[in-house]
Amino acid sequence: MADRDAFYNCLVGKLEARYASEDLLFPEWKEQVRAEVYEEPFDPEETGGLEGVWNLTFALNADSMTVYFSPYDIAPYAAGTITLDIPYTEEGTGLNRDICSSAKDRSVWKLEPYEILSLDLDGDGTPETVGYAPVEQEAEASTMQYEAGVDENKVRFEAGYGVTAAYVLRREDQYMLYAECQSDNDWRYLSLMDLVELSQGETEPKEYYEAFYENVPADAESFYLGTRGELISTVPISREHELGKDGLPSAKTNLFAIDELTLTAKQPVPAFTPDLSGQLEIPEGAEVKAVETDESSFVVFQGVEDGSLYRVEISGEDWPHTIDGKDIAEYFEGLIFAG
């Protein structure tokens, strides 16, 4: 938020416009909205001694912010969950326009199976219809088949055990369908289709072996894809991408962020500064969090207590992986490798 007062007034105005005439809201509803917007402390007398602050419940969509008020929050249970949609382009909301994606040209659309999007792919002023859906197939088929279409033009693609999420990404005059497909052990990959080519007749689906997982793209020039790391443990890793000129995701870095892995040094671990300018050592007994890796030769750790950074060189060519010629299990407690 750029202006919290304006944001509060925006919410109050929308709630009054929608519900005030029905006399549906609690008498003190404005005070509750204020408490959530301004993150005011709980009243211990009303919460049975519970301490904390009120927090607003919201979700950020591609082109708007949705605010939620739970039952009994500002209205009786019969009113259900009250939702307000605040478009990023609306004036007077108090939102920070500089970081709202749809204050710029929109570049990502989420697409559900059987849903139809109308997009002007060729820039002639007439929108084309874009969609995808599963294809009926024999029960014994080993992989699911889907069909993506632009108007009457169709292309089939294999989707493993099914599509878990799909987005249309646009950059300048390029439109791509990125369908995330699920494989064994919840491993995922992307099936990619050039929608402009498809609108002109046909296209050849391509595959990319990183996927969205829990990441939700909002900008075709900056989105995160992940995969499963194996160098230090079997952990989720991800890195920033952009929509490349060939339609494929283009990684902006060769470094992956490691989702969550904390280890304890069983003995002093040989290490370097992150820029390799000096030698260091992770002390025995120190807790360290793995923060990034190139997934081929090193992992950067951060000390849990003091925040110190250590670059540890790891050889992953053979099993077990080694540090300075010794099994990494001799150095760290807490390693987890999937079988």
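Where a number appears in this text, it was derived from the coordinates with a stated rule and is not lab data. The structure displayed is predicted, hence computed values, not measured ones. Heads up, the Cβs are rebuilt from the backbone with ideal geometry, glycines too, and the neighbour counts pull from every protein chain shown.
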- Note on the structure: Honestly segment 1-141 on the Cα gyration tensor test (a ≥ b ≥ c root eigenvalues; a/c under 1.5 rounded, otherwise a/b vs b/c for prolate or oblate) is just prolate
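Considering Cα pairs under 8 angstrom that are at least six residues apart, work out the relative contact order of the chain and quote it in whole percent.
On the way: 713 pairs, mean separation 28.2, N = 339.
Over the chain, the number comes to 8 percent.
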- Query: According to the Cα gyration tensor, what semi-axes, each the square root of 5 times an eigenvalue, does the equivalent ellipsoid of segment 108-252 have, listed from largest to smallest in whole Å?
  - Reply: 25, 20, 11
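Over segment 118-228, what is the percentage of antiparallel beta bridges among all DSSP beta bridges, to the nearest 5?
On the way: 32 of 33 bridges.
In segment 118-228, approximately 95 percent of DSSP beta bridges are antiparallel ones.
Give me the percent of Cα-Cα pairs in segment 218-339 that sit more than 25 Å apart, rounded to a whole number.
Here the tail beyond 25 Å accounts for 26 percent of pairs.
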- Message: Explain nothing, just compute: Karplus ³J(HN,Hα) = 6.51 cos²θ - 1.76 cosθ + 1.60, θ = phi - 60°, for every residue of segment 162-168 in order, whole Hz, x for Gly and Pro.
- Response: x, 8, 8, 6, 8, 9, 9
- Divide by every residue of the chain the summed helix terms, -39500 (n - 2.57) for each DSSP H run of at least 4, and state the resulting mean residue ellipticity at 222 nm, rounded to the nearest 500 deg cm²/dmol. -2500 deg cm²/dmol
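Just the number: Rg to Rh for segment 30-72, Cα atoms, Kirkwood Rh, two decimals. Before the final figure, lay out each step's value.
Working: Rg = 12.4 Å, Rh = 11.6 Å.
Result: Rg/Rh = 1.07.
If you take the C-alpha gyration tensor of segment 262-333, multiply each eigenvalue by 5 and take the square root, what semi-axes do you get, largest first, in whole Å?
Details: eigenvalues 60, 41, 23 Å².
Its equivalent ellipsoid spans semi-axes of 17, 14, 11 Å.
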- Simple label model, 7 Å out from Cα along Cβ direction - residue 315 to residue 275, nm: 2.9
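For residue 28 and residue 216, FRET efficiency with R0 = 30 Å and r from the beta-carbon atoms, rounded to 0.05? The partial results should precede the final answer.
Working: r = 35 Å, r/R0 = 1.17.
Approximately 0.30, to the nearest 0.05.
Which value, in debye to the nearest 20, gives the size of the charge dipole of segment 108-252 about its Cα centre, when Lys and Arg are +1 and Asp and Glu are -1 at the Cβ? Intermediate results must be reported in sequence, preceding the final value.
Details: 11 positive and 31 negative charges, 113 e Å.
Once rounded to the nearest 20, the dipole reads 540 debye.
Under unit Cβ charges (Lys, Arg +1; Asp, Glu -1), what dipole magnitude, rounded to 20 debye, does the chain have relative to its Cα centre? Display every interim value, and only then the final one.
Details: 23 positive and 70 negative charges, 45 e Å.
Here the size comes out at about 220 debye.
Can you give the convex hull volume of the alpha carbon atoms of the chain per residue, in Å³? Please report the intermediate quantities before stating the final value.
On the way: hull volume 76.7 nm³, N = 339.
Looking at the chain, the number lands at 226 Å³ per residue.
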